[in-house]
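Novice: Input: one structure, supplied below.
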Amino acid sequence: MIGPVIARDVRRALGGAAWLPVAFFLLVATLVPFAVGPDARLLERIGGGALWIAALTAALLPVERLVEPDRADGMLDQLALHGLTEEAVAVARIIAHWLTFAPLLLLAAVPGSVLLGLGAEGLRSSLAALAVGTPGLAALAVAVAALTAGLPRAGALAGILLLPLAVPLLIFGAAASGDGGSGALLLEAAVSLALCAGAPFAAGAAIRAGRT
Amino acid sequence: MKPLLRFEAVTLRRGGRLLFEGLDLKLGPGEALHVTGPNGSGKTSLIRLAAGLLRAEAGRVERTAPALSDEALALDRELPLAKALRFWARLGGTAGKLDAAMAAMGLAHLADVPVRLLSSGQAKRATLARVAASGAKLWLLDEPLNGLDADGIGRLEALVERHRASGGAVVAASHGPLGGDWERLELGQGATA
């Protein structure tokens, strides 16, 4: 039942500016060497963390477009009338958002890691950490988008809500980027899973509560 | 006979204001209800309550799965009209009814026109065509006459007539007069139907 909804969300995201968060991600990654200087050893040490900060800020960009346009246009009401629960709509949105956000981000992480002077080993562990963390990031973005939909200055509010909630993901993600062999990747996966499991319920409740 | 829509002692408060209290109503197959009342008397809220999009403060609302046409377009602006409507028809599993519904609302020649180029009257016809294609027994129409020309109003009346003849029920909230035989419910004066 949610197949056509996912297909629609993916089509709309790709028709919009799916490249924008990725360009932003690369831009932030580019800024780091300018900010801390071209010391290769220092860059390699902080590179994993810098990639994560770039990923987090890039994840913030599309939040305003994730739920609000469909709420304002009555799309969410019609989906409910067509028998989809708000939670199912949120799951579809999370899957579609991940599909249009994560693969591009992983691709961009390759030039990003070069900019930060990460070696092949660093690139591999960073890619693994980003691949494991992005589903949780997508789920969090959709939940925050649903919570802030329809509010004035939703974009700024979304940042204030999303970034603190993403801290556990950031801690374990950055640690896993630095050392792929540690247990950080497993802990990151656990956080990511917990976010994926909880976000549809938070988003669904927020959509229902936001109806007028 | 099981009613398609039933309100039992429904009370609704919006923004601290009591819109109606202890409202009872029952709508069976073939019946139609015209909800009238001044601006802000709760016509749209009653429709959204019947659609299950709002929850009553007190009382019970029972209904079969409805179809809703309201001020919100809920169609993807960049798609051609037929494709945008087909998304909903597929979701409801009634894609076969879409062409007939579009023809009934006089939209067949607009099938390839992007939704963003439609006039407000054409957009209203599109939301009514979505209702007609839904196969739902219960139609909820919020201000269905808004933006419609005489031809559109005639087509809507014919659609409603056919829907009632086939055992469907309709609730319409509208200021304007609706052609045909409607029960009336006037809100905004301590209403009990």
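What follows is calculated from the coordinates using simple rules that are stated; it is not laboratory data. It should be emphasised that the depicted structure is a prediction, and the values quoted were computed from it without experimental measurement. Ideal geometry is used to build each Cβ from the backbone, glycine not excepted, and the neighbour counts take in all protein chains shown.
Novice: I'd like the distance between the alpha-carbon centres of the range A:50-68 and the range A:150-212, rounded to an integer number of Å.
Specialist: Centre-to-centre (Cα) distance: 11 Å.
Novice: Of B:Thr64, B:Thr127, A:Thr85, how do they rank once you tally other Cβ atoms within 10 Å and put the fewest first? Please report the intermediate quantities before stating the final value.
Specialist: Numbers: B:Thr64 13, B:Thr127 26, A:Thr85 16.
By the 10 Å Cβ count, ascending: B:Thr64, A:Thr85, B:Thr127.
Novice: I would also like to ask the following. Cα gyration tensor of the range B:1-121, axes a ≥ b ≥ c as square roots of the eigenvalues: rounded (a/c below 1.5), prolate (a/b > b/c) or oblate? Can you show the working numbers first?
Specialist: Numbers: a/c = 2.58, a/b = 1.82, b/c = 1.42.
Because a/c hits 1.5 or more and a/b exceeds b/c, the range B:1-121 counts as prolate.
Novice: Determine, for A:Ser113, B:Ser41, B:Ser120, B:Ser134, the number of other Cβ atoms within 10 Å of each Cβ, and report the residues in order from fewest to most.
Specialist: Working: A:Ser113 24, B:Ser41 19, B:Ser120 11, B:Ser134 27.
Least crowded to most crowded, the residues run B:Ser120, B:Ser41, A:Ser113, B:Ser134.
Novice: Can you tell me the mean projection area, over all orientations, of the convex hull of the range B:142-193's alpha carbons? Units nm², please. It would help to have the intermediate numbers written out before the result.
Specialist: On the way: hull surface 16.4 nm².
Dividing the Cα hull surface by four gives the mean projection, 4.1 nm².
Novice: What do you get for the angle between helix B:150-165 and the principal long axis of chain B? Use alpha-carbon atoms, 0 to 90 degrees, nearest ten.
Specialist: 70
Novice: Same structure, new question: Rounding to the nearest 10 and keeping the result within 0 to 90°, find how far the Cα-based axis of helix A:167-178 lies from the longest principal axis of chain A.
Specialist: 40
Novice: May I ask for the equivalent-ellipsoid semi-axes of the range A:154-212, computed as the square root of five times each C-alpha gyration tensor eigenvalue and listed largest first in whole Å? Could you put the intermediate results ahead of the total?
Specialist: Numbers: eigenvalues 169, 40, 5 Å².
Semi-axes from the Cα gyration tensor: 29, 14, 5 Å.
Novice: Sticking with this one: Return the subset of B:Lys26/B:Lys137; B:Lys97/B:Lys137; B:Lys2/B:Lys124; B:Lys83/B:Lys124; B:Lys43/B:Lys97; B:Lys26/B:Lys97 for which the Cα-Cα distance in this structure is over 23 Å, preserving the input order.
Specialist: On the way: B:Lys26/B:Lys137 14 Å; B:Lys97/B:Lys137 14 Å; B:Lys2/B:Lys124 31 Å; B:Lys83/B:Lys124 17 Å; B:Lys43/B:Lys97 29 Å; B:Lys26/B:Lys97 28 Å.
As for pairs spanning more than 23 Å Cα to Cα, those are B:Lys2/B:Lys124; B:Lys43/B:Lys97; B:Lys26/B:Lys97.
Novice: Output wanted: per-residue J couplings in Hz (rounded whole) for the range B:15-21, from phi through Karplus 6.51 cos²θ - 1.76 cosθ + 1.60, θ = phi - 60°, x for Gly and Pro.
Specialist: For the range B:15-21, the Karplus curve yields x, x, 9, 7, 8, 8, 9 Hz.
Novice: Now a separate question. Once a ≥ b ≥ c are taken as the square roots of the eigenvalues of the Cα gyration tensor of the range B:104-147, is the result rounded (a/c under 1.5), prolate (a/b larger than b/c) or oblate (a/b not larger than b/c)? All intermediate terms of the calculation are to be shown ahead of the outcome.
Specialist: Working: a/c = 2.47, a/b = 1.45, b/c = 1.70.
Taking the square roots of the gyration eigenvalues as a ≥ b ≥ c, the range B:104-147 is oblate.
Novice: Tell me the mean residue ellipticity at 222 nm calculated for chain A from its helices only (DSSP H runs of n ≥ 4, each -39500 (n - 2.57), averaged over every residue, nearest 500). Before the final figure, lay out each step's value.
Specialist: Working: 11 runs with 177 residues, N = 212.
The helix contribution divided over chain A gives -27500 deg cm²/dmol.
Novice: Where the convex hull is taken over the Cα atoms of chain A, what is its projected area averaged over directions, in nm²? Before the final figure, lay out each step's value.
Specialist: On the way: hull surface 45.0 nm².
For chain A, the mean projected area of the Cα convex hull comes to 11.3 nm².
Novice: How are the Cα pair distances of the protein assembly as shown distributed, in percent, across 10 Å bins from 0?
Specialist: Using 10 Å bins, I get a P(r) of 5, 21, 25, 20, 14, 10, 5, 1, 0 for the protein assembly as shown.
Novice: When a/c is below 1.5 the answer is rounded, else prolate if a/b is larger than b/c, else oblate, so apply that to the range B:1-47 with a ≥ b ≥ c taken from the square roots of the Cα gyration tensor eigenvalues. Mind dumping the intermediate values first?
Specialist: On the way: a/c = 3.30, a/b = 1.73, b/c = 1.91.
Oblate, since a/c reaches 1.5 and b/c is not below a/b.
Novice: With a 10 Å Cβ neighbour count serving as the proxy for reagent exposure, in which order, fewest first, do A:Val191, B:Val171 appear?
Specialist: Details: A:Val191 21, B:Val171 29.
Least crowded to most crowded, the residues run A:Val191, B:Val171.
Novice: Tilt of helix B:120-133 relative to the longest C-alpha principal axis of chain B, in degrees (0 to 90, nearest 10)?
Specialist: It is inclined by approximately 80 degrees.
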